[in-house]
Amino acid sequence: MERMLSDRRVLVTGGAGFIGSNLIESLLDAGNQVVCLDNFSTGKRENLKDFANNPHFNLIEGDIRNYGDCEKAVKNIEIVFHQAALGSVPRSIKDPVSSTDVNIGGFVKMLFAAKEANVKRFIYAASSSTYGDHPDLPKVEENIGSPLSPYAITKYVDELFASNFAKTYGIEVIGLRYFNVFGRRQDPDGAYAAVIPKFVKMLMKHEVPLINGDGAISRDFTYIDNVIQVNHLAAVIHNNKALNQVYNVAHGERTTLNELFYFLRELAGKFDKNILTIEPVYGPARVGDIPHSLASIEKAKNLLGYSPELNVKEGLEEAVKWFWNNL
Ligand SMILES: NC(=O)c1ccc[n+]([C@@H]2O[C@H](COP(=O)([O-])OP(=O)(O)OC[C@H]3O[C@@H](n4cnc5c(N)ncnc54)[C@H](O)[C@@H]3O)[C@@H](O)[C@H]2O)c1
């Protein structure tokens, strides 16, 4: 069975970001023509440097909130990988207006422009935050609760629009509910940095990481290569049953924040043994966070042929190595 997309003209929105830039790299390596649309609001030019001069790569600097930019980006495109969004639960609580404008307004503009340009398939980044307050573990795609943040609302609304567009206009859609993705090129800086790159950078500088809450909350941390694999599978799948669906994208393994901290300390300690004595400090729990998150990945395994390669520890080893050499 075909597992990688090749020889197609594709668009990656948000391609200057963490996930988008890794996806572009793999799509170029597999022989696709790749257009990237990004406004560099959270993405970086540096993330594009390895392929910026590749003749099969074309950057459009523009904004998904601008319909003209969306139209320009989807011209002659067969498959869209829509990654552009304002991530982060705390960001959306501080500024729900911007998160909504980009994550819903921009999403619908991209989706409509894609449909108008006869794009065949629209694969988009959904989110595990959509499970909200639903208590069941592991999370299965059909059972979601009430969203706990504006970010979670935006990502769920996107799923509703995508499903509606598939029914109304016949465009093929696939939503990928990413669970706490980590790996190379993830931004360690800023108020809304994700926990893994942020802690690694702090440990490297002998700073003391702050854990929000008592460290018992858990996440299904997912290595970037597993996310790339699913995007390719979603692009090549022919089975009609697999289309117009949402899928959990995770490893199916739960790690508490305390466990994560000590894994990271051990791994970074291989490069500098002084790190091994650093202990975290604890602060108040964050509003809007899901307490526990663990995915069932059966649906992606069964319908897309997903088989995650690196587990959380193996992925963390790769990520820490990368951060050590690149930060
Ligand atoms: N990283 C995770 O753990 C995770 C988990 C669940 C879902 N997601 C989703 O995956 C996608 C990618 O996340 P990421 O971690 O790579 O984030 P990121 O911030 O690194 O990348 C997002 C990219 O989108 C671009 N962008 C933002 N607003 C834009 C706009 N108005 N017009 C054009 N480009 C715009 C940014 O400049 C950036 O390059 C997002 O949709 C995010 O919500 C990520």
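Before moving on, here are some points about what is shown:
- Placing a pseudo-label 7 Å from each Cα along the Cα-to-Cβ vector at Phe40 and Trp324 gives an inter-label distance of 3.2 nm.
- Taking θ as phi - 60° and the Karplus parameters 6.51, -1.76 and 1.60, the scalar couplings of the stretch 66-71 work out to 9, 4, x, 5, 5, 4 Hz in sequence order, x denoting glycine and proline.
- Stretch gain in nm, segment Asp214-His238, where the contour uses 0.36 nm per residue and the Cα spacing is subtracted: 4.1 nm
- For the stretch 135-176, the dipole from Cβ point charges (+1 on Lys and Arg, -1 on Asp and Glu) about the Cα centre works out to 100 debye, to the nearest 20.
- Leu59 long-range amide H proximity, modeled H, under 5 Å: Cys36
- Most fluctuating residue given options Val236, Val227, Val208, as computed from a GNM of the chain linking Cα atoms under 10 Å: Val208
- As a calculated quantity, the FRET efficiency between Asn53 and Asn118 at R0 = 45 Å, using C-beta atoms, amounts to about 0.90.
- For the stretch 18-34, Karplus couplings with θ = phi - 60° (6.51, -1.76, 1.60), whole Hz, Gly/Pro x: 4, 6, x, 5, 5, 5, 4, 4, 6, 5, 5, 4, 8, x, 9, 8, 10
- ³J(HN,Hα) computed for each position of the stretch 230-236 - Karplus, 6.51 cos²θ - 1.76 cosθ + 1.60, integer Hz, glycine/proline x: 5, 4, 4, 4, 5, 7, 9
- Per-residue ellipticity at 222 nm, computed for the chain from helices alone with -39500 (n - 2.57) per DSSP H run of at least four residues, works out to -10500 deg cm²/dmol.
- Point-charge dipole on Cβ atoms (K/R +1, D/E -1) for the chain, about Cα centre, debye to 20: 280
- Placing +1 on the Cβ of every Lys and Arg and -1 on the Cβ of every Asp and Glu, with nothing else charged, gives the stretch 132-245 a dipole about its Cα centre of roughly 300 debye.
- In this simple spin-label model, placing a label point 7 Å from the Cα along the Cα-to-Cβ direction at both Glu259 and Thr277 gives a separation of 2.9 nm.
Readers should treat all values here as calculations from the given coordinates under stated rules, not as data from a laboratory. Keep in mind it's a predicted model, so treat the numbers as computed, not measured. Cβ sites come from the backbone with ideal geometry, for glycine too, and all protein chains shown count toward neighbours.
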